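The values are calculated or read from the model by the stated rules, or taken from the named source; none is laboratory data. The model shown is predicted, which means the values in this text are computed figures rather than measured ones. Neighbour counts are summed over all protein chains in view; Cβ atoms, including those assigned to glycine, are modelled from backbone coordinates with ideal geometry. These area figures cover heavy atoms from the full protein model, side chains too; ligands, DNA and RNA do not enter into them. Shrake-Rupley method; radii C 1.70, N 1.55, O 1.52, S 1.80 Å.
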Amino acid sequence: MPRPKLIATDLDGTLLDDSSAVSGLNARAMALAASLGVPFVIATGRPVRWLPGRDVLPDAYRLAIVSNGAALCDIETKALSHARHIPPVTALEVAERLHRAIPGVAIGAENGHDFGTEPHTPSAEFADWGGWSGDLEQIVADIDPIIKMFGFHAELDADQLLERAEAALGDDVAITHASMGQRYGVVEILPRGVSKARALE
């Protein structure tokens, strides 16, 4: 069997199990790849603040793809590079279009390290994400440069929210489904053309 030039993997439900640990088999695969000089690249939707360190990923390639491809992150220093940003004026326009098209939607934004969301978000975990709630204009100003936005909805599930967000925003931005078993819908909004596949390329 030919040796791969590179291995790329997601984290949740792929490399990591339900307890956010790397199984023995996966750990051995990473170690073998490293010993053969094959880069083992992490490509995740997680932001920098949720990216495991060397204690969990000792043999991963130093640069990881984070925030669904919006940036690269140094696993050791947590420094971002090659980040794609959503300008503040665009972020506010996106939020206005979503508010108009989807009553009840709550908008959030992050820069990888920091996260903020509107007060009416159904996400009770936002504070655990290292974030805060507040006025959208203030959030956009504080979070800038934004690499990812969120839409939360208490009554629509992720599929319904994604469908309505795509209808409202078209292809002006990249929109992805974010469903992790919550009782509310979540979508993630990225700069146009951004994806994990594009960042890996």
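What do you reckon, how do GLU188, GLU166 stack up by accessible area (1.4 Å probe), largest on top?
On the way: GLU188 25, GLU166 90 Å².
Ranked from most to least accessible, the order is GLU166, GLU188.
Would you mind counting up the charge near HIS177? Only other residues with Cβ under 9 Å from its Cβ, with Lys and Arg at +1 and Asp and Glu at -1. Can you show the working numbers first?
Details: positive: none; negative: ASP159, GLU188.
It works out to a net charge of -2.
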query = Which option, (i) 11.6; (ii) 10.6; (iii) 12.3, is the value of mean projected area of the Cα convex hull in nm² that was calculated from these coordinates?
reply = (i)
key: With Cα atoms, 0 to 90° folded angle of helix 158-169 axis to the chain main axis   = 70
query = Just PRO88, PRO103, PRO119 to compare: in a GNM of the chain, with alpha carbon springs under 10 Å, which one fluctuates most?
reply = PRO103
request  = Specify the angular offset, from 0 to 90 degrees and rounded to the nearest 10, of the alpha carbon long axis of helix 24-35 from the longest principal axis of the alpha carbons in the chain.
outcome  = 70
note = In degrees, nearest 10, the alpha-carbon axis of helix 88-101 is tilted away from the dominant principal axis of the alpha carbons of the chain by 60
request  = Over the chain, give the accessible area per residue in Å² for a 1.4 Å probe, as an integer.
outcome  = 50
query = At a probe size of 1.4 Å, how large is the accessible area of ILE107, to the nearest 10 Å²?
reply = 0
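With a 1.4 Å probe and all protein chains left in place, how much of the accessible area of the chain comes from carbon and sulfur atoms, in whole percent? Could the numbers behind the result be given before it?
On the way: 5230 of 10090 Å².
After summing per-atom areas, the C and S share lands at 52 percent.
Hey, got a sec? Which GluC sites (Glu not before Pro) in the range 64-149 land in a DSSP loop and have at most 13 other Cβ atoms within 10 Å? Walk me through the intermediate numbers first.
Values: sites: GLU76, GLU93, GLU96, GLU110, GLU125, GLU137; in loops: GLU76, GLU125.
Hits after loop and neighbour filter: GLU76, GLU125.
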